[in-house]
Amino acid sequence: MAHNSASLIFNQQFERHLNPSTDQTEQPKAAAKNTLSKRVVVLLAATSALGPTAMQILLPAIPVIKEEFEVSAEVAQLTLSLSMLAIAIGTLAYGPLSDRYGRKPIMLVGLCITFLGSLFCYFAHSIDMLILGRIIQAFGGAVGLVLARAIVRDVYGPDQAARVIATLVMVMVVMPMLSPAVGGELMHRFGWESVFLVMSGLSLIIFVILQNALEETLAEPAPFDGVGAMLRNFLHLFRSRAFRGYALCVAFVSVVFFAFISAAPEIMISVLDRPATEYGYYFIMVPLGFMLGNSIARQFSHLGINRLITLGASLGVIGIVCAIGLQLIGLRHPLALFMPVALAVLGNGITLPNAQAAAINEFPQFAGTASGLTGFLQMAFSAVAAQLVAVIFNGTVYPLLTMMLLASLASLGFFLASTRVRSR
């Protein structure tokens, strides 16, 4: 009976989406007339950044871990790649659970898992234990990626949600971008294990503050009838061509970024013949580009979601084409790579929050589930790209830029497919 109820509710929502005569502007009852305080928005942004930050703060220590545990580079790399997959899986689980049990309790549970996983990593005495701890840590950290966006969508309407999500995305990307530098400094001063104490402390602080500052925003719990029903709900969402277009737009935008951060350090050293110390200085342009793109997304939100996605996705393609062109004419200076990539990432900063908001807006009643599926596609595609870019590396920059160009074109193409559905 519960399964029939869940299916009926979802099918009604699905039919409303397919029927253009049906009003889709209905907002959740809870917090419909409220706004989130700046403090809560900042905390949500920090929570959304927790998983990616924990994932990337260990990057400078991977060569040290390889030597300390006497393992191959491929095994040491599992501390990164498997944590990305754990985030992807976590994004699938947290959305439906939050639709059933509420945003706040699930958020707090995820933070607890992050805290425990970080401590597990700190006390790990073998590579197997460390990898397991990283999986636990990343699975917990995924909660912010899903629920921060769902909470924003609970409170704000579609256009305002895109503006607030732009803030969340900016912090979510910029914090992890800067975390390798922080991790390197911690490793230098206190040892590589110290990064896990920092992550456990950060997750504990966020837990305590959110426990007191965050109010429940879910208006009406949706029935949850187990994994089978959850997978059926995901299938319902993915059958929507508009949702599918926006969600894949998000996924391929993320591929551009993660492919670059996975390969750029090696390219800097082995292709451009630059010392590793210079990488951080040039890389600053990338988060700055993303921050500028997010600022544009917020300041020009009145232009509408689709116009901004068109602008951002187009800039993403133009930036990568420029990078390839500069390489073809023989410019091998790091600026010839990082500047056009920064332009592409600027476009990503415009595209990502708007495409995420558009995907979630397709089914407001299932914002958690939609956010979870979008986040899963985002991280799963990125995890594959991060490994693939290492496999196809041939001593030049072209395999990386080719992958980034194909991902940018795919992002634009899937978005255009979703807008064609809208125009019918």
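A short reminder: the numbers here are calculations on the coordinates, not readings from a lab. Only a predicted model underlies this, so the values are computations on that prediction, with no experimental measurement involved. So basically every Cβ, Gly included, is an ideal-geometry build from the backbone, and we count neighbours across all protein chains shown.
With R₀ fixed at 51 Å, the C-beta to C-beta distance from residue 125 to residue 331 puts the FRET efficiency at about 0.60. Summing +1 for each Lys or Arg and -1 for each Asp or Glu among the other residues whose beta-carbon sits under 12 angstrom from that of residue 332 gives 0.
Compute the separation of the alpha-carbon centres of the range 134-148 and the range 88-133 and state it in Å as a whole number. Answer, in whole Å: 5. State, as an integer percentage, the relative contact order of the range 33-215 based on alpha-carbon contacts under 8 Å between residues 6 or more apart. Once divided by the residue count of the range 33-215, the mean separation gives 39 percent. With the simple spin-label model, which puts each label point 7 Å out from Cα in the Cβ direction, the residue 318 to residue 68 separation comes to 4.6 nm. FRET efficiency for the residue 266 to residue 190 pair, using the beta carbon distance and R₀ = 35 Å, is estimated at 0.85. Across all Cα atoms of the range 33-215, the radius of gyration (one decimal) and Dmax (whole number) stand at 16.4, 57 Å.
Take 111-117, 396-402, 376-382 and order them by the average number of nearby Cβ atoms within 10 Å per residue, most first; the result is 376-382, 111-117, 396-402. Convex hull volume of the C-alpha atoms in the range 226-424, normalised per residue: 121 Å³. The chymotrypsin sites (Phe, Trp or Tyr not before Pro) of the range 241-319 include none that meets both conditions, a loop assignment by DSSP and at most 13 other Cβ atoms within 10 Å of the site Cβ. Stretch residue 215-residue 299 to full length: gain in nm at 0.36 nm per residue minus the Cα-Cα span? Here the answer is 27.5 nm.
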